[in-house]
Amino acid sequence: MKKGIFSSVIILGALLGIILGIFFDDSQAKVSYAAAAPEGDISIDEEYLIPDQLGWCTYYVVLATNTTGSDISISADFVARDKSGKLLRKVNDYSDAVKDGQQFILYGQFLSSAIGNAASFEYTYTINPTDRCAYSSVSFSAAKSEGCIEVSATNKAAADLQGVGVRTVFIKDGKAVAFDTVNIADEGWLFRSGSTNSQYIGEYTGDYDHFIMTYTAVSDRAMPKNT
């Protein structure tokens, strides 16, 4: 278990988890392999504290890279504390499948009304091996469209997937000014084999110079290696 700390006084201002429950055709041949145990750790690239544009919530966003040497699942607990160290709120986020070498995002979403006295934020995470990563079985693209970003994905896998979870940090003058997330699927969390679908992200972000976008894709059955 690892721990990161980011301290800041909140200025109140103006969500990929991936969910199980997808049905597959049992007549398809299933591929199975032993998931390799992680030998290393993830690398933390950046940490951001981002109030939303409506003042409703505040995001604690961690941009990281999977440098463990294996495909992993990861779960993280985020907490907000006041200046005396008292726990104000605890939230959880997770990803069921992050490919070895892949950059990804985890975040804690806090109600701003619950953390008005927050002085620091902390997170802890746990990682485990997985053989459910479908990152390389997805064709993904993003393009600006009418003030938003249109994100599109195609499921190239032989089996259905549990959607494509997209997470984005928007940057203005070197500062993170907004965060948004969306799931690409055909219906609910079902993304059928061979299907192409799109969503829009960043509708309420305001002005920004550039963005950092990551996505994850997961299957509920073992995937072949290097996918």
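Is at least one residue of segment 158-178 open to solvent by less than 10 Å² (accessible area, probe 1.4 Å), among the aromatic types (Phe, Trp, Tyr), touching a strand residue (DSSP E or B) at 6+ places or on another chain (Cβ under 6 Å) and within 17 Å of Tyr107 (Cβ to Cβ)?
yes
Considering each of Arg221, Arg167 in turn, give the residue that is of a type in the set (Lys, Arg) and part of a strand (DSSP E or B).
Arg167
Taking segment 154-164 as the search range and keeping residues that are of a type in the set (A, V, I, L, M, F, W, C) and assigned to a strand (DSSP E or B), which one is farthest from Met213 (Cα to Cα)?
Leu161
Pull out all pairs, ordered by first then second residue, where Cβ-Cβ is under 6 Å, the residues are six or more apart or on different chains, the first lies in segment 180-206 and is modelled with pLDDT under 95, and the second is surrounded by 19 or more Cβ atoms within 10 Å (Cβ to Cβ) and not in a loop (DSSP other than H, G, I, E, B).
Hits for this filter: Gly202/Ile149; Gly202/Asp180; Thr205/Phe170; Thr205/Ala178.
Run down Gly69, Gly21, Gly55 and say which single residue is in a loop (DSSP other than H, G, I, E, B) and modelled with pLDDT of 90 or more.
Gly69
In segment 194-227, how many residues are touching a Phe, Trp or Tyr at 6+ places or on another chain (Cβ under 9 Å), small (Gly, Ala, Ser) and closer than 12 Å to Ser137 by Cα?
Summing the residues that are touching a Phe, Trp or Tyr at 6+ places or on another chain (Cβ under 9 Å), small (Gly, Ala, Ser) and closer than 12 Å to Ser137 by Cα in segment 194-227 gives 2.
What about Ser219, is it more than 21 Å from Leu63 (Cβ to Cβ) and buried (at least 17 other Cβ atoms within 10 Å of the Cβ)?
yes
Output the qualifying pairs, or none if there are none: Cβ atoms under 7 angstrom, residues six or more apart or on different chains, first residue in segment 140-161 and among the β-branched types (Val, Ile, Thr), second residue at pLDDT below 95 and open to solvent by less than 30 Å² (accessible area, probe 1.4 Å).
As it stands, the answer is Ile149/Gly202, since those pairs meet every condition given.
The values are calculated or read from the model by the stated rules, or taken from the named source; none is laboratory data. The model shown is predicted, which means the values in this text are computed figures rather than measured ones. Every residue, glycine as well, gets a Cβ built from its backbone with ideal geometry; the counts of neighbours run over all protein chains shown. Accessible surface is based on the protein model in full, side chains and every heavy atom, while ligands, DNA and RNA are left aside. Shrake-Rupley method; radii C 1.70, N 1.55, O 1.52, S 1.80 Å.
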